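Engineer: Before we start, here is the structure in question, set down as C-alpha cells.
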Amino acid sequence: MDQSSTFIGAGLLAELRSSDGLSEREGKEWISRKSGRPYDADAMYALFWSDQEDMKTWGEYLDLRVKVMSDFDLDGLEREYRKSHHLPPRRPWEARMYGTSRGRSDR
C-alpha cells in the first residue's frame, strides 16, 4: 500500500526548505527532477511513497514519486474533500476547487 500527500508548488517548496534544508533553487531542481517537469508554483503535486518507509525528510525516501496533478486528478481530490467534509457534490454552476492548479495535463 502506498502513502500519499498533496502540495501546491509553493507549499512543497516551503516544505522542502523546512524539512530538508534545501534552498529555493535546490528545491525547484529537486521538484523538477522528481516530477520530470519544470517547477510550477501554482501546480498541485502529488507525492507517493511506500508505507514501509518512515523517513524524516522527503529526500530520504528511496521510492518517492512526484506527479503533477491533472484536472482529472484534481476533480477526484475535490470529490474526496467534499465527501470527507460531508458536503454535497459540486453543482454544475459552482466553481471547481483548486482553480489555479488546473490546466496541467498528464504526459
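Engineer: Less than 13 Å apart at the alpha-carbon level, and either on another chain or at least 8 residues along: which aspartates and glutamates does that give for Lys83?
Structural biologist: Straight-distance partners of Lys83: Asp75.
Engineer: Just add up the charged neighbours of Arg96: K/R +1, D/E -1, any other residue whose Cβ is under 13 Å from the Cβ of Arg96.
Structural biologist: 0
Engineer: Oh, and also: Taking Lys28 as the anchor, which lysines have their alpha carbon closer than 26 Å to its alpha carbon, excluding any fewer than eight residues away along the same chain?
Structural biologist: Those lysines meeting the cut-off are Lys56, Lys67.
Engineer: Arg102 versus Lys83, label points 7 Å from Cα toward the beta carbon: distance in nm?
Structural biologist: Result: 2.1 nm between the two label points.
Engineer: Once the piece of chain linking Leu64 and Asp20 is laid out straight, how much longer is it, given 0.36 nm per residue of separation minus the C-alpha distance between them? Could the numbers behind the result be given before it?
Structural biologist: Values: separation 44, 0.36 × 44 = 15.84 nm, distance 1.41 nm.
Extending this stretch completely gives an extra 14.4 nm.
Engineer: Can you compute the helix-only [θ] at 222 nm over the chain? Use -39500 (n - 2.57) per DSSP H run of at least 4 residues, normalise by all residues, nearest 500 deg cm²/dmol. Write down the numbers at each step before the final one.
Structural biologist: Values: 3 runs with 38 residues, N = 107.
For the chain, the value works out to -11000 deg cm²/dmol.
Engineer: So, one more: Return one number: the angle in degrees, 0 to 90 and rounded to the nearest 10, between the long axis of the Cα atoms of helix 9-20 and the longest principal axis of the Cα atoms of the chain.
Structural biologist: Long axis of 9-20 versus the principal axis of the chain: about 30 degrees.
Engineer: Follow-up. For the chain, what's the relative contact order in percent, using C-alpha pairs closer than 8 Å and at least 6 residues apart?
Structural biologist: Numbers: 130 pairs, mean separation 29.7, N = 107.
Relative contact order here is 28 percent.
Engineer: If you don't mind, another one. Taking the chain on its own, what percent of its Cα-Cα pair distances exceed 19 Å?
Structural biologist: Values: 2710 of 5671 pairs.
That tail contains 48 percent of the Cα-Cα pairs.
Engineer: What aspartates and glutamates does Lys34 reach when the alpha-carbon gap must be under 14 Å and sequence neighbours fewer than 8 apart in one chain are set aside?
Structural biologist: Leaving aside aspartates and glutamates fewer than 8 places away in the same chain, those within reach of Lys34 are Glu26, Glu60, Asp63.
Any read-out appearing in this document is the output of simple, stated calculations on the displayed coordinates, not a laboratory observation. Here the structure is a predicted model, which means the values were calculated and not measured. Every residue, glycine among them, receives a Cβ derived from its backbone with ideal geometry; neighbour counts consider all protein chains shown.
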